[in-house]
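Before any comments, here is the structure.
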Amino acid sequence: MAYGRWIMSRCNKAFADKGASNKDTARKGTARKASTRKAFANKAMAAALLGAAACQAAVAAPPPATCAKPVYMTFDTGHMGVAPLVAQVLQKHHVRASFFLANERTLTNGSSLDDQWAPWWKARVADGDVFGSHTYDHVYWLKDLPDGKFLVRPSAGPNTGKKEVFTAAQYCDALNASARRFHEMTGAKMAPLFRAPGGHTSPALLKAALACGYHHVGWAPNGFLGDELPSDKYPNQRLLERALQSIRPGDILLAHLGIWSRQDPWAPAVLEPLITGLQARGFCFETLAQHPEYAKWVVPQAAPKQGKPQPK
């Protein structure tokens, strides 16, 4: 990281200056008695060792708590095939993220919020991540209708692919259903945040969600990481290069826990070099609990108890 390189450069300069100073002092002391030279050498060696230890400690120390270039990594649920790998990468690089939950079909013919995945979600709570609703059946808004109703189409659940008419209350229930299931799985409370599937909303839909306590979270144009795009036209290396060049401080980034249509999985092939590449450029990763617009809506979870390692 840039912080570590800066510390190392200062350490190297300090030792170079110290070495030059010791040489000059040694030349001037040639006329001194052997015992005096030996005592001086011992003191110089002790000082050098202490200095080396101090520099090593500084390099090993984490970067400053404040960050001038934050970005916010967010994931929507998906087929969950890459979820364990995503968790491993995030933990390896000490990155906390924000997740938006829907009960989507998985590669194992289950669903992303079923009992199989409950331990995985509980582990993310222990990691200190943040969670919002993605509507339980991944309900796409299509258009507004008279009388405050909405034409929608779920892409999960018993009515997958069927157009339905929702009232505002029904849309709120779709948001709340994810929160209820999350609490059942983890014992934790979901933040009053949501992301509409596909990012499709209207002022009327946002008003309806706000009436039941939910605030919408989109993503930055530069934060669209492209894992939904076809891999033949948008290979991983191209997506990585574009992201590293375009992401700016304050951007909310969007990826998924598995996309059915992408043949070459985006994670971890792009996720890990993206994290390390941005960190090398001085960026840091924060959750929506630190976002200036959303922080006030996120209630910190209780500190997890120390115990067995959490599932990846």
Checklist entry - What FRET efficiency do you get for Lys189 and Asp264 if R0 is 25 Å and r is their Cβ-Cβ distance, rounded to the nearest 0.05? => result 0.10
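Do any trypsin sites (Lys or Arg not before Pro) in the stretch 88-163 lie in a DSSP loop with no more than 14 other beta carbon atoms within 10 Å, and if so, which?
On the way: sites: Lys92, Arg96, Arg105, Lys122, Arg124, Lys143, Lys149, Lys162, Lys163; in loops: Arg96, Lys162, Lys163.
Answer by residue number: Lys162, Lys163.
In the structure shown, do any of Lys162/Lys207; Lys92/Lys189; Lys163/Lys207; Lys207/Lys296; Lys69/Lys92; Lys122/Lys207 have a Cα-Cα gap over 29 Å, and if so which? It would help to have the intermediate numbers written out before the result.
Numbers: Lys162/Lys207 24 Å; Lys92/Lys189 26 Å; Lys163/Lys207 21 Å; Lys207/Lys296 19 Å; Lys69/Lys92 20 Å; Lys122/Lys207 31 Å.
Exceeds cut-off: Lys122/Lys207.
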Next on the checklist: Amide H of Met73 versus every other amide H placed in the peptide plane: which residues, excluding those fewer than 5 positions away on the same chain, fall under 5 Å?
Outcome noted: Ser98, Leu253, Glu286
Next on the checklist: Cβ neighbours within 10 Å, averaged per peptide: list 220-230, 203-213 in order, most packed at the top.
Outcome noted: 220-230, 203-213
Next on the checklist: Through the Karplus equation 6.51 cos²θ - 1.76 cosθ + 1.60, θ set to phi - 60°, convert the phi angles of the stretch 132-146 into ³J(HN,Hα) values in whole Hz; use x for Gly and Pro.
Outcome noted: x, 8, 10, 6, 4, 9, 6, 8, 7, 6, 10, 6, 7, 10, x
Next on the checklist: Under the rule a/c < 1.5 gives rounded, and otherwise a/b versus b/c splits prolate from oblate, where does the stretch 207-294 land using the Cα gyration tensor?
Outcome noted: oblate
Checklist entry - Say each of Asp114 and Lys162 gets a label point 7 Å from the Cα, pointing the same way as Cα to Cβ; how far apart are those two points in nm? => result 2.0 nm
Next on the checklist: What are the ³J(HN,Hα) couplings of the stretch 81-89, residue after residue, when phi is run through the Karplus curve with 6.51, -1.76, 1.60 and θ = phi - 60°? Round to Hz, x for glycine and proline.
Outcome noted: x, 9, 4, x, 5, 4, 4, 4, 5
Item to check | Cut-off under 5 Å, modelled amide H: who pairs with Leu193 long-range | outcome: Ser133, His215
Checklist entry - Along the stretch 218-231, what does the Karplus equation 6.51 cos²θ - 1.76 cosθ + 1.60 (θ = phi - 60°) give for ³J(HN,Hα), rounded to whole Hz, x for Gly and Pro? => result x, 8, 6, x, 6, x, 6, 8, x, 6, 8, 7, x, 6
Item to check | chymotrypsin sites (Phe, Trp or Tyr not before Pro) within the stretch 247-289: DSSP coil, no more than 14 neighbouring Cβ in 10 Å | outcome: Trp260
Item to check | For the stretch 138-225: rounded, prolate or oblate by the Cα gyration tensor [a/c cutoff 1.5] | outcome: rounded
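Each value in this text was obtained by applying a stated rule to the coordinates, not by laboratory testing. Just so we're clear, the structure is a prediction, and the values are computed from it rather than from any experiment. Heads up, the Cβs are rebuilt from the backbone with ideal geometry, glycines too, and the neighbour counts pull from every protein chain shown.
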